[in-house]
1. Which one is modelled with the lowest pLDDT, of the residues in the range 79-100 that are closer than 15 Å to N5 by Cα and either of a type in the set (F, W, Y) or crowded, with 18+ Cβ neighbours inside 10 Å (or both)?
2. With the requirement that a residue be charged (D, E, K, R) and loosely packed, with under 13 Cβ neighbours inside 10 Å, what does the range 28-47 give you?
3. Which residues, taken from the range 25-49, are under 15 Å from the mean Cα position of the chain (by Cα), closer than 19 Å to V14 by Cα and not aromatic (F, W, Y)?
4. Mind checking which residues of the range 13-27 are touching a residue at least 60 places away in the same chain (Cβ under 8 Å) and surrounded by fewer than 19 Cβ atoms within 10 Å (Cβ to Cβ)?
5. Going by the conditions given, is S73 out of contact with any strand residue (DSSP E or B) (no Cβ under 6 Å at 6 or more places or on another chain), surrounded by 15 or more Cβ atoms within 10 Å (Cβ to Cβ) and polar (S, T, N, Q)?
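The values are calculated or read from the model by the stated rules, or taken from the named source; none is laboratory data. Remember, predicted model here, so these are calculated numbers, not experimental data. Virtual Cβ from ideal backbone geometry, glycine too; neighbours counted across all protein chains shown.
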Amino acid sequence: MTRHNLTPADPALVSQITVGWDRALRSYFGVVIAAKPDDDGEDVLLVDVGIFPRVTDPQEVLDKVAEYTTVPSELLPRLKIDAVYADRLSMSQYNEVVNW
């Protein structure tokens, strides 16, 4: 899967924001993880979209994470490219993590 890590607008609230394309699921995805775990030490997901149901429009994912970050204008076309070329990339290219 392709992974794009975004910078949280408020690091006191959010520790990680990741969006991308999952080739196996044929879906865009987005995850926002809270800075503070729950009482059991588990991650708290503020956003978890794209596993089920599938998301075929990357804008839907970006809209969900936009509350927690500034989404670079270059990211939407990059996600579309990720999906189009995913089957042609080597595993190392496909598993590349891009930090924005």
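1. Among those that are closer than 15 Å to N5 by Cα and either of a type in the set (F, W, Y) or crowded, with 18+ Cβ neighbours inside 10 Å (or both), it is Y94.
2. The first filter runs over the range 28-47 and keeps only residues charged (D, E, K, R), leaving 36, 38-40, 42-43.
The answer is K36, D38, D39, D40, E42.
3. G30, V31, V32, I33, A34, L45, L46, V47, D48, V49
4. First, pick out the residues of the range 13-27 that are touching a residue at least 60 places away in the same chain (Cβ under 8 Å): 19-21, 23.
Listed by number, the list holds a single entry, R23.
5. Against the criterion (out of contact with any strand residue (DSSP E or B) (no Cβ under 6 Å at 6 or more places or on another chain), surrounded by 15 or more Cβ atoms within 10 Å (Cβ to Cβ) and polar (S, T, N, Q)), S73 does not qualify.
This table checks each residue for (1) more than 12 Å from M1 (Cα to Cα); (2) among the charged types (D, E, K, R); (3) at pLDDT 95 or above.
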{"residue": "G20", "(1), (2), (3)": "no, no, yes"}
{"residue": "D38", "(1), (2), (3)": "yes, yes, yes"}
{"residue": "Y68", "(1), (2), (3)": "yes, no, yes"}
{"residue": "L75", "(1), (2), (3)": "yes, no, yes"}
